[in-house]
Each structure stands twice: as C-alpha cells, then as structure tokens.
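Read the figures in this text as sums done on the coordinates, not as results from a lab. Please read these numbers as outputs of a predicted model, since none were measured by experiment. Every residue, glycine among them, receives a Cβ derived from its backbone with ideal geometry; neighbour counts consider all protein chains shown.
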Amino acid sequence: MPTWQPDWQDVRWDQAASARAASELRRVADELDRSVFERASAAESATGEWRGVNRRRFDEHLRGGARRARELAADFRAAAGRIDQAAQRARDDQLRRVRDRERWRLEKEAESRRRGR
C-alpha cells in the first residue's frame with residue numbers, strides 16, 4: 001500500500017449558488033451605475049435655472065450619492081470576483097483530489113503486482 005493517503009473527501013462547494021451570488025452582485029452593481037447616470041440626467045434637466053446656496057447643496061448631495069453608489073458598485077464587483085476566485089479554487093482542489101486518488105490507486109496496483117498478488 002502506498003505510504004501516503006489522498007484526501008478521500010470531496011470538496012464541498014455549491015458552484016451553482018456561488019455563480020448566482022456573483023451574478024447578482026454584478027447585476028446590482030450595473031444597476032447602481034445606471035442609477036447614477038439616470039439621477040444625474042434627471043437633476044440636470046430639473047435644475048437648469050436653479051441658482052444659489054440650495055443649488056450648491058443639492059449638487060454636493062448629488063455628487064456624494066453618486067460617489068457612494070460607484071464605491072458600492074465597485075465593492076460588489078470585487079466581492080463577485082472573490083466569489084469567482086473561491087469557486088475556481090474549489091474546482092482546482094477537487095480536481096487535485098481526484099488526480100491524487102487515481103495516483104494512489106495506480107501506485108497500490110503497481111505495488112500489488114510487484115508482490116505477486
């Protein structure tokens with residue numbers, strides 16, 4: 001029998017659920033980007049003749065909201081990327097385990113043949 005043991009347990013990872021989660025994060029990030037554009041367009045047409053301190057406050061508030069939305073969208077995309085990376089690591093690890101099991105089986109067979117079994 002080989003002197004080493006492969007990992008006999010399969011990797012536990014729900015590939016479909018992780019793909020759905022990453023996809024949903026990207027969808028929401030895209031929606032945030034669209035909302036920034038739509039709010040800016042609506043504000044431009046609504047405030048064309050607006051002047052004064054309240055207009056400046058409104059513009060600052062609008063820019064702050066847009067900045068936060070873009071940051072959140074970037075965070076969501078980064079989280080989706082991390083999920084994708086974790087899913088890939090799970091696939092790679094499972095493949096390594098399957099290959100190790102096969103290598104162990106072949107080594108065991110070769111050893112058994114050498115012993116005349």
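Can you confirm whether D100 is exposed (fewer than 12 other Cβ atoms within 10 Å of the Cβ), of a type outside the set (V, I, T) and under 25 Å from V11 (Cβ atoms)?
no
Looking only at the stretch 16-28, decide whether some residue is more than 30 Å from E111 (Cβ to Cβ) and loosely packed, with under 11 Cβ neighbours inside 10 Å.
yes
Could you say which residue among R77, R57 is in contact with a helix residue (DSSP H, G or I) (Cβ under 6 Å, 6 or more places away or on another chain) and of a type outside the set (A, V, I, L, M)?
R77
Yes/no matrix, rows are residues, columns are (1) touching a Leu at 6+ places or on another chain (Cβ under 6 Å); (2) of a type outside the set (D, E, K, R); (3) in a helix (DSSP H, G or I); (4) over 29 Å from R101 (Cβ atoms):
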{"site": "W8", "(1), (2), (3), (4)": "no, yes, no, no"}
{"site": "S18", "(1), (2), (3), (4)": "no, yes, yes, no"}
{"site": "V28", "(1), (2), (3), (4)": "no, yes, yes, yes"}
{"site": "E38", "(1), (2), (3), (4)": "no, no, yes, yes"}
{"site": "S45", "(1), (2), (3), (4)": "no, yes, yes, yes"}
{"site": "H61", "(1), (2), (3), (4)": "no, yes, yes, yes"}
